[in-house]
Every structure is written in structure tokens, then in C-alpha cells.
Amino acid sequence: SVLKTQLPLDTCAQEPIRIPGTIQPHGALIVCHPQSLTVLQASVNCSEILGCDAHIIDRPLREIFGASLAEEVRRWLDSQDITLLRTTSSGAKTLQVLGHRTAQGIILEFEEPPATENETIGALYPRIGRFMDQLQDLSGIQEACAVAAREFRRVSGFNRILIYRFDAEWNGEVLAEDSDGVLPSYLGLRFPASDIPAQARELYRTNRLRLIPDANYTPVPVHPSANPLDKASLDLSLAALRSVSPVHLQYMRNMGTLASMSISILVEGRLWGLVSCHNAQPRRVNAQMRTACDLLGTMLSHQIASREHSSYAADRIRLKHLEAQLLVHLTTAESPSRALASQGRLWMNLTDAAGAAVITGNEVFASGETPSGDRLRSLADWIETQHGGDQFVTANLGQQQPEFADIADVASGVLAVSISQLHRSFILWFRPEVVRTVHWAGDPQKAVPSTTEPLRPRHSFASWAEQQRLRAEPWSRAHIDAALDFRSAMINIVLRRAEEHAALTS
Ligand code: BLA
């Protein structure tokens, strides 16, 4: 079946999550003028959390909190440090202060560290070192994620840690899990793309960690709502206390997780996956522990990037070797197309395909499992109409273009490169349909919000099996690059052949 989760989720993606106008109540937030350090905006719970006067707008930081905090902030602003993290006291209270610069002023956030929490960066440091050593000894991405899940749970104390990876359509698959058994296991399950809309994924590339200590919280407004410097809504993209989407809070309650902390896994700037930490009951963690978790996440990200890179490099070397072998046969051949077909094994192995064909004009040479000549010609005609032209890649042809569903058994995966600017000439590789069973956490059809009803996340996360058809094993970057390299080599051979021919006949 074709999943509806591939529809654009406009309604969810339009929620302006960067500018909610409110914060979560486990801390207080103020915005200061970058030069004078007078307060421009403040959350309405400041007096309660900070024990300060209720009227702080337009007053200088020094007057509200005393000289020492104001000095700390000035020193930080003069430094190159991107963020500020300090412990300070306000009256009888010990508070953690987080600071970051924005175009709308300096945002300072104050949190009272939870009473039960005595983890300091000093206590966490040896753990982080050991984690790094362990990671280096492992070979696979899956193993690295399993070790990371365990370590995240040790450090953070959450009930369940899930590590999941996004696929090409932004569904997430749980690769690793570590749990104390309080919450159910989701290992191996897939979560539909609609669970995390596009603007949230985009935000999570710049802000790598978010914490929601209690899904039942009441948001606290920030006043005045317009920023005095630019008259716009306050951008809380990088604020730790940013209030989150009510739809997502409902999702958490439906999942039975009242506290959540998630950390982005970034590979070459792309959101590769998330570490998702859940607690059945509300749970707060202090800023030092969050910093440690951010560091663990960065280390895991680097390990994944380096694994992906070395497996790409190894594949490229292997495929380059095959290409060299194949070219030996082509450079000396009278007809390169016929020579390709006579070296079918090598030709197909170049992209680990089960079939390959070359079409020039109406001439077709094929090897292995391919569609019939007529279907090949129709396919090449259609590919020619697709933009890009030089290269065409799909792992689900029959879904993308239902008129080709009849050839799904041999051609669900198609990798095609054009070898002539002038007339329809393609080299194509084919992969067969692989029918697979995907285990979703809940029926993914029910995850898609309708445009007529109010937005609601789904209720069930029970395993739901779906048989997926019309899909092939996806082509890797190394396979696509091998095809592109081979394309250039073929174009050169064909051109040279044409020149030789011209020289002979002139
Ligand atoms: C955010 N959805 C999120 C987040 C996660 C998930 C991790 C980030 C916030 C957090 O850390 O809790 C989803 N949690 C998951 C998934 C797993 C998990 C997939 O543990 C898998 C293991 N959500 C919906 C629908 C909408 C929606 C229908 O189900 C549409 C409006 C929205 N989810 C939504 C939004 C956010 C979100 C808007 C961003 C919240 C924010 O940062 O403000």
C-alpha cells in the first residue's frame, strides 16, 4: 500500500514553534538590551522563580540582581563564548543561569536546579571519557547506538532511551533502546514522519537538545509580547525554556511519557536521527547534565559520520576496481554496448543490481533480470521527461509512476544515467521488488491529521505490521557515484569512437 504519510503535512508544519510567546514554567526568562543590560521583556513568573520585584521591565540587571551577575554577563559578552552557563544566587535561592545572544537582545534563562540532582560536570567527566573509549572499539553503527543508549540512561536517569534513525522519507526506526522496564519497548519499531513536522526537524539542527520536564505544564507568557527592539514576536529558537507545541504535549500524554528530553544526531549537517529520553513521571535535569548529554550526542554523531564515511570509501574502492576491469573490455571493443552485455556480471555488479540495460536510439542490449524491450523503451521515454536528465534514481518506481507497476518484480529500483545529449541514450540498472514487513508503532494511516478535524496526535503506539510492496533495496551514495563515474567513462569512449570513425571515413 502507498502510505499517506508521504503527503505534505502542511497543517503541522505551519505551527510557528520558534515564537510561541510563552515558556515552560520550570524557569524564568528575561531579555536584556545588549548594551545597557536593561530588561526589555520578561516571563511573568520572574518574581516567583527569582524572588525579585514584580516590576523589572526597563530596569538594569545590576539593580535587580546586584553587581555580580551583571559583571558575569558583561564578561561573557566581551568573550568569544557563544553561551553563558553559571550558577548564581538570588536571595536564598541557588539558580543556574543560561545566556545566549540574539538580534532581539540578550536572552537570560534562570532555572532552579532540581533538589535531587547533585550530578556535576566533574562527576560526569570520567563517564564521558569511558564512553568515548568504548565507542572507538566498536565496528557497527547499531553497536555504537546500543552502547550510547546504555550510557545516556546511566547519565540521565530516564526510564527509557530510544535511539532512532530517519529514513529517506523521514520515518524514524528505533535502532537501539535501553530501559528499566517501566515503559514499554519500542525497539525495531518505525515511527511515521508526521510525528515530527518539518519545521521542528529544521529547528533541531540548530538547537540540538530539548527538555520537556512535565507534559502537563501550564505555559507562562513573556511580556510585552512584541520585542521593543524590532517590534516582532520573540524568537525562542535557542531558548532552553521555549514552550512546545500543544499537539506534541498531547502526543506525550498519549504515549504515557510525561517527561522527555531529545538530542539531535547530526551527520554532515543533516538530521540523521534522535536520542529520545523518556520518563513515565515528570523529570527535570539540570543544565550541567544537559551539557553532558549534548556532548555524548556530539560524540555519537561523530562516530556515526566516521562509520558512514569509511563504509562509503570502502564501497567506492571496490566499485572503482570493477569499473577498471569493465573499461578494459570496452575501450577495445567494436561496439561498447555489445561489449557491456557480454560482461553482464561486471556491469551489474558495478551498482549491485540484478539487471542492466543500455538503450541507444531503438537499439537495446540487456543483461540479467530486466523488463522486456518494449517496456524498457517506454521507461526510457518517461525517464527522459523527468527533470535532471543526466541521472535518475528511484527505489520505488511503481509507486512513483503507477504505469510501471507491472514491471515491479524486476524494476522497482532503477538507476539510470544518460550518455548522450542529442538523442535518447541511457544506461540503466535494475533492482527487483523486495516485499518487506514494516513494524510501525501504531497504524501510520491514523497518524496523518485530516484537514477538516482539529489537529490530534494518534492514540495508539501498539505494534502494527504493514506489508510494503513496490520497493527495492535503496541505491547507496557509493552506487550512484559509481554509475556517474561510469557514465563519464562511457561518454568518452563513445566520443572517441565517433572521432575515429570520422577520421576513417573522411
Ligand atoms: C516534536 N515529536 C517531537 C519531538 C519528538 C517527537 C521526539 C521532539 C520533542 C521532544 O523531545 O519530545 C516524536 N518521540 C517522537 C518520536 C519518537 C519519540 C517519533 O520518542 C520515537 C521513538 N506530532 C504529531 C502530530 C503533529 C505533531 C500529528 O503526532 C502535528 C501537529 C507535532 N511534534 C509535533 C511538533 C513538535 C513535535 C509541532 C515540535 C515540538 C517543539 O519543539 O515545539
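Every read-out reported here was derived from the displayed coordinates using simple, explicitly stated rules and does not represent laboratory data. Please read all numbers here as calculations on a predicted model, not as lab measurements. So basically every Cβ, Gly included, is an ideal-geometry build from the backbone, and we count neighbours across all protein chains shown.
With charges set only on the Cβ (+1 for Lys and Arg, -1 for Asp and Glu), what does the dipole of region 240-351 come to about its Cα centre, in debye to the nearest 20?
On the way: 12 positive and 6 negative charges, 83 e Å.
It comes to approximately 400 debye.
Counting 0.36 nm for each residue step from I317 to N362 and taking away their Cα separation leaves a gain of 12.8 nm.
The distance between label points at E500 and Q400 comes to 3.5 nm (points 7 Å beyond Cα on the Cα→Cβ vector). Evaluated with a Cβ-only charge set (Lys, Arg +1; Asp, Glu -1), the chain carries a dipole of roughly 480 debye about its Cα centre, given to the nearest 20. At full extension, T11 and K93 could sit 25.3 nm farther apart than now, given 0.36 nm per residue minus the alpha carbon distance.
Give the shape of region 132-281 as rounded, prolate or oblate, defined through the alpha-carbon gyration tensor: a ≥ b ≥ c are the square roots of its eigenvalues, a/c under 1.5 means rounded, and otherwise the shape is prolate if a/b is larger than b/c and oblate if not. Please list the in-between numbers first.
Values: a/c = 1.95, a/b = 1.57, b/c = 1.25.
Because a/c hits 1.5 or more and a/b exceeds b/c, region 132-281 counts as prolate.
Extension gain, L422 to R253, is 54.9 nm, computed as 0.36 nm per intervening residue step minus the present C-alpha separation.
Here the label points at A305 and R456, each 7 Å from Cα along the C-beta direction, are separated by 4.3 nm in the simple model. Dividing the convex hull volume of the alpha carbon atoms of region 302-362 by its residue count gives 100 Å³ per residue.
Along the axis of the charge dipole computed for the chain (Cβ charges of +1 for Lys and Arg, -1 for Asp and Glu, origin at the Cα centre), the listed residues S412, S460, W76 are led at the positive end by W76. Please label the shape of region 193-253 as rounded, prolate or oblate, based on the square roots a ≥ b ≥ c of the eigenvalues of the alpha-carbon gyration tensor (a/c under 1.5 means rounded; beyond that, a/b larger than b/c means prolate, else oblate). Since a/c reaches 1.5 but b/c is at least a/b, the shape of region 193-253 is classed as oblate.
About its Cα centre, region 166-244 has a charge dipole of approximately 380 debye under the convention of +1 per Lys or Arg Cβ and -1 per Asp or Glu Cβ, with nothing else charged.
Coordinate range of the alpha-carbon atoms in region 69-166 per principal axis, descending: 48, 32, 26 Å. Here the relative contact order of the chain, from alpha carbon pairs under 8 Å that lie six or more residues apart, stands at 15 percent. For region 139-216, the fraction of C-alpha pairs more than 18 angstrom apart is 51%.
Would you work out if region 243-376 is rounded, prolate or oblate? Take a ≥ b ≥ c from the square roots of the eigenvalues of the alpha-carbon gyration tensor; rounded if a/c is under 1.5, else prolate when a/b is larger than b/c, oblate otherwise. Prolate shape, in that a/c is at least 1.5 and a/b is the bigger ratio. Could you tell me the calculated FRET efficiency between E268 and S488, based on Cβ-Cβ distance and R0 = 30 angstrom, to the nearest 0.05? The formula returns an efficiency of 0.75 here. Global size of the chain: 28.5, 98 Å for Rg and Dmax (C-alpha atoms, Rg to one decimal, Dmax whole).
Using the membrane-span-like helix rule (whole DSSP H runs, Cα extent along the own axis of at least 27 Å, mean Kyte-Doolittle hydropathy at least 1.6), which helices of the chain qualify?
Membrane-span-like by this rule: not one helix.
In the chain, taking the dipole from charged Cβ atoms about the Cα centre, the farthest positive-side position among A123, H387, A354 is held by A123.
A simple spin-label model places pseudo-atoms 7 Å from Cα toward Cβ; at A465 and D481 they are separated by 3.9 nm. Each of M252, A226, L271 was scored by the projection of its Cα onto the charge dipole of region 226-287, and the greatest displacement toward the positive side belongs to M252; charges sit on the C-beta of Lys, Arg, Asp and Glu.
Helical runs assigned H by DSSP (4 residues or longer) give the chain a calculated mean residue ellipticity at 222 nm of -11500 deg cm²/dmol, each run adding -39500 (n - 2.57) before division by the residue total.
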